[in-house]
Number of protein chains: 2
Amino acid sequence: MPPDEQSGSAAQVLELVANGTAASRADLVRESGLAASTVSARVQELVDAGLLTESGEGVSRGGRRPRLLRVADHGAVALAADLGSRHIRTGAVGLTGTARDVEECAFDLTAGPGPALDVLAERLTALADRQRAAGRTVRGVGIGFPGPVDTADGRIIAPSRMPGWHLFALRDRLADRLGLPVLLDNDANVLALGEHRAAHPALRHLVVVKAGRGIGAGIISDGRLYRGARGSAGDISHVRVDEAARLPCSCGNIGCLETVASSAAIAAALRAQGFRADSTTDVLRLVGNGEPHATTLVRQAGRDIGAVLAVVVNFFNPEAVILGGALSGAEPLVAAVRGMLYERCLPMATGELVIRAAVRGPDAGLLGAGHAALRELPTAHGK
Amino acid sequence: MPPDEQSGSAAQVLELVANGTAASRADLVRESGLAASTVSARVQELVDAGLLTESGEGVSRGGRRPRLLRVADHGAVALAADLGSRHIRTGAVGLTGTARDVEECAFDLTAGPGPALDVLAERLTALADRQRAAGRTVRGVGIGFPGPVDTADGRIIAPSRMPGWHLFALRDRLADRLGLPVLLDNDANVLALGEHRAAHPALRHLVVVKAGRGIGAGIISDGRLYRGARGSAGDISHVRVDEAARLPCSCGNIGCLETVASSAAIAAALRAQGFRADSTTDVLRLVGNGEPHATTLVRQAGRDIGAVLAVVVNFFNPEAVILGGALSGAEPLVAAVRGMLYERCLPMATGELVIRAAVRGPDAGLLGAGHAALRELPTAHGK
DNA sequence: GAACTTTTTTCGGTGACCGAAGGAAGTCGG
DNA sequence: CCGACTTCCTTCGGTCACCGAAAAAAGTTC
């Protein structure tokens, strides 16, 4: 599926060095399970390809000193964009796994694909120019989109709350404008990739929730992103959680998780109570200020999300549930999800389950998008 | 993970012939994606090993006639046992994928592991003797158990409703008694293996529900059985579906799927209404007779199961949901699940979703257990 | 400074697969 | 009935990814 992908174990070697699991060939032998000769050969390839560099020697452990390896960060970066329904966040991601030159601007995606394409192209062009001016090579672009994506075609599919986007060929349109290869995926998927690679590389089964104005999930199964039969796996935003609710959802049903537990829903409820609350930021501010109504609403949202995740945890039995997206910045939400999972799941499923907020915070999605782009986009000289 | 497993593509070749997808080497080339030379080599191996036989020639399609291949059914079988909380079903499964000498007897698993081991050993010994008398070689035993199983250790783990079984080493105890290698897995898992291999080999992502006195699910992800982090994936029996329920469940919670939608729950409700209903068979009989109360209860159970599966379908996005277990014999249940899924899931998830009852009926679990045993158990002469 | 350790490379496999070429056995159209 | 085309299958010489044994390289310890 990935157009490029080096010999398999080479990617693994690079990954282990990139996320800090291994710093020398000997480490790689221990961590990867490969034969020493294989590791040596792969490292040599990667050094020759300019992806790894040797950087001095480490401390001896009673024998020869290890020759330390580092990911070569001099050269290539991928541009990354994390699209939200109300904002666009951009940055440059290098092989070392850090985001540089991060910017966020307000933008309403519901305005339709035309304006969005303009803004994206403009900001990414500027970003590319700055990166090139700094001497870095821009290898491609990774985009996380807050709605269903056909990753094969690079098109948006029937996103709720965003009329006009259906079947928009964002990937190719953007690639034309930028003259760069573009990778397009769902925002929760790139978030999951980012969290997995940067924070939990050792875990094999992982559910990463993105809770913001919408609610989605990315699934890592057996160490790889799981997309499902039609690519819509992880779409929990329209699971019914409130039988009594009368609020209609954009999907045509009622009581969807998204209409009761997203930050859009919380903000609306707060406005109905007389608060000034438009954005997720406003909600977080009110919670941070200790506003009881806001805290109650966020906690209830956490319980609703937790109720859905309880089914998911029993069914999928992951090693970790990671909460990302802007709402995960609210402690009460994380606490409520935890409580719900421990209450409702089988002890066998929660026994060693890790439940925590995304460690990379607001950049996690960006890192995932950049990472994916660096890994999967074709390049001229075999990466 | 499987102790034996032939060269990978050999297993694939055998599988394609066994399930009827391919009948000649040329078919195998088309279906498997392997090179013709590779197919030829693997077929030769399998013929030499006595697993495949050539059986005459097929009809020409304008060129040389294909040399037809068949799975050699002369020799080896695995014994299989499908344990229910109230019955034990046994049979012999050959490489051709048919169950022979199937028997079912009533037995109460809650009586504890001792008596169960005796009955199992006795019936399987008799079955083995009959198979050997018929000139077949018994290669091993596959067991499906209606509760959580540690497949690495071959032990039962904390099954609800079955005190005394916790940590019982069923696999090794049975292997000692029979003098045969034993494979032990959860009943829903072996059901999923059986349905996938026998009925839907082309599908890659599959959820197979076993609805009987308990409710479990087996997951096929990427063509392979998915067990999750701790091996408890698919355990949806204790998902809360009825907030208002006061019925306590063996797990300590209330409103679990199992306490409201299992045949045990339906039978109890029918008894409360004055009907004679002890077993799943009684429930099916009443539904078959058109008894309105029974049909209503079964339909409601289907809706409850459907509500849980709706979350699962949105999250996992499978190609098919297969309903197995005794309750799947009730048409209203299948209809109710269908209705619930189409109502509650996103169109993208249900667009091409197959929802149907297990085609192998009551033998599906048996076939899966036998199949798994034949595939994964070690044998003397390299299978 | 001899005897271990640890790290890394060299070298000769091995196993699974592929692709080109060609043989074997057909059909079909004149 | 004979050549031209198809389809099926095998033979043969690769390639690729990896492994394992051995040894070289570089250190530590007593």
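The values are calculated or read from the model by the stated rules, or taken from the named source; none is laboratory data. All values derive from a computational prediction rather than experimental measurement. Neighbour counts run over all protein chains shown; Cβ positions are idealised from the backbone, glycine included. Just the protein is used for accessible areas: all its heavy atoms, side chains included, with ligands, DNA and RNA removed. Shrake-Rupley method; radii C 1.70, N 1.55, O 1.52, S 1.80 Å.
Would you kindly work out, in nm and rounded to one decimal, the distances from the label point of B:G252 to those of the same position in each other copy, ordered shortest first, with label points 7 Å along Cα-to-Cβ?
4.3
Return the tail of the calculated pair distribution for segment B:124-267, meaning the percent of Cα-Cα pairs more than 21 Å apart.
Details: 5410 of 10296 pairs.
Tail of the P(r) past 21 Å holds 53 percent of the pairs.
What total accessible surface area, summed over both chains, is buried at the interface between chains A and B, computed with a 1.4 Å probe and given in Å² to the nearest 100? Mind showing how you got there, number by number?
Numbers: alone 16900 and 16950 Å², together 30300 Å².
Accessible area lost upon association: around 3500 Å².
Tell me the distances, shortest first, between B:P115 and the same position across the other copies, using label points 7 Å along Cα→Cβ, in nm to one decimal.
7.3
What whole-number value in Å² describes the accessible area per residue of the protein assembly as shown for a 1.4 Å probe?
Values: 30300 Å² over 766 residues.
Per-residue accessible area for the protein assembly as shown comes out at 40 Å².
Quick one, can you get me the convex hull of the C-alpha atoms of chain B expressed as volume per residue in Å³? Don't skip to the end; give the middle numbers.
Details: hull volume 59.2 nm³, N = 383.
Once divided by residue count, the hull of chain B is 154 Å³.
Report D for segment A:38-185 in µm² per second (integer): Stokes-Einstein, Kirkwood Rh on Cα pairs, 4 °C, 1.567 mPa s. Walk me through the numbers before you get to the answer.
Values: Rh = 17.2 Å.
For these conditions, the coefficient is 75 µm²/s.
Going by the rotation axis that takes chain B to chain A, pick out the residue of B with the closest C-beta and quote the gap in whole Å.
B:V311, 2
Given a 1.4 Å probe and heavy atoms of the protein chains only, how would you sort A:T259, B:T151, largest accessible area at the top?
Details: A:T259 25, B:T151 50 Å².
Largest accessible area first, the list is B:T151, A:T259.
Which stretch or stretches of segment A:86-111 have amide N atoms under 13 Å from the point lying 7 Å from A:D118's Cα along the Cα→Cβ direction?
Output list for this probe position: A:108, A:111.
Nearest 500 deg cm²/dmol is fine: what mean residue ellipticity at 222 nm does chain B get from its DSSP H runs of n ≥ 4 alone, each adding -39,500 (n - 2.57), divided by its residue count? The partial results should precede the final answer.
Numbers: 13 runs with 154 residues, N = 383.
That calculation yields -12500 deg cm²/dmol at 222 nm.
Suppose we keep just the DSSP beta bridges with both residues in the protein assembly as shown; what percent of those would be antiparallel, to 5?
Values: 60 of 102 bridges.
Close to 60 percent.
Which angle between 0 and 90 degrees, to the nearest 10, do you get for helix B:36-48 versus the longest principal axis of chain B when only C-alpha atoms count?
80
Pop out a list of residues from segment A:324-356 that are at least 50 Å² less accessible with all the protein chains around than in their chain alone; 1.4 Å probe, no ligands or nucleic acids counted.
Listed by number, the residues meeting the 50 Å² cut-off are A:R344, A:L346, A:M348.
Inter-copy label distances at A:E54, 7 Å along the Cα→beta-carbon direction, one decimal in nm, shortest first?
5.6
Using DSSP to call loops (not H, G, I, E or B), can you name the GluC sites (Glu not before Pro) in segment B:274-383 whose Cβ has at most 12 other Cβ atoms within 10 angstrom? Numbers along the way, then the final one.
On the way: sites: B:E319, B:E343, B:E352, B:E376; in loops: B:E319, B:E352.
Of the GluC sites (Glu not before Pro), the ones in loops of segment B:274-383 whose Cβ has at most 12 other Cβ atoms within 10 Å are B:E352.
At q = 0.12, 0.14, 0.21 Å⁻¹, work out log10 I(q)/I(0) for segment A:9-71 with the Debye formula, treating every Cα as an identical point scatterer and leaving solvent out; two decimals please.
-0.24, -0.33, -0.75
Send over the per residue convex hull volume for the protein assembly as shown, Cα only, as a whole number of Å³. Don't skip to the answer; put the middle values down first.
On the way: hull volume 152.0 nm³, N = 766.
Per-residue hull volume (Cα only) is 198 Å³.
Please name whichever of B:V13, B:V43, B:S60 sits farthest to the positive end of the charge dipole of segment B:9-71, dipole taken about the Cα centre and charges placed at Cβ: Lys and Arg +1, Asp and Glu -1.
Toward the positive end, the furthest listed residue is B:S60.
Heavy-atom accessible area of A:E243 with all protein chains present, probe 1.4 Å, nearest 10 Å²?
110
Just to be sure I understand the interface: list residues from segment B:306-322 that lose 50 Å² or more of accessible area between the chain on its own and the complete protein assembly, 1.4 Å probe.
Buried by 50 Å² or more upon assembly, which counts only protein chains, are B:V311, B:N314, B:F315, B:F316, B:N317.
Using +1 on the beta carbon of Lys and Arg, -1 on that of Asp and Glu, and nothing else charged, what's the dipole of chain A about the Cα centre, debye to 20?
Numbers: 41 positive and 40 negative charges, 90 e Å.
Around 440 debye, computed over chain A.
Just reorder A:M348, A:M162 by solvent-accessible area, largest first, 1.4 Å probe, all chains present.
Details: A:M348 45, A:M162 0 Å².
Sorted by accessible area, descending: A:M348, A:M162.
Pairs of alpha-carbon atoms within less than 8 angstrom and 6+ residues apart define the contacts here; what relative contact order does chain B have, in percent? Write out the running numbers ahead of the final one.
On the way: 792 pairs, mean separation 64.4, N = 383.
Relative contact order for chain B comes out at 17 percent.
From the gyration tensor of the Cα coordinates in segment A:136-175, what semi-axes in whole Å does the equivalent ellipsoid have, largest first, with each one equal to sqrt(5λ)? Before the final figure, lay out the partial values.
Details: eigenvalues 96, 20, 14 Å².
Equivalent ellipsoid semi-axes, largest first: 22, 10, 8 Å.
For segment A:265-350, just run the numbers: alpha carbon Rg, then divide by 2.2 N^0.38 Å, N being how many residues it has. Please report the intermediate quantities before stating the final value.
Working: Rg = 13.9 Å, N = 86, 2.2 N^0.38 = 12.0 Å.
That ratio works out to 1.17.
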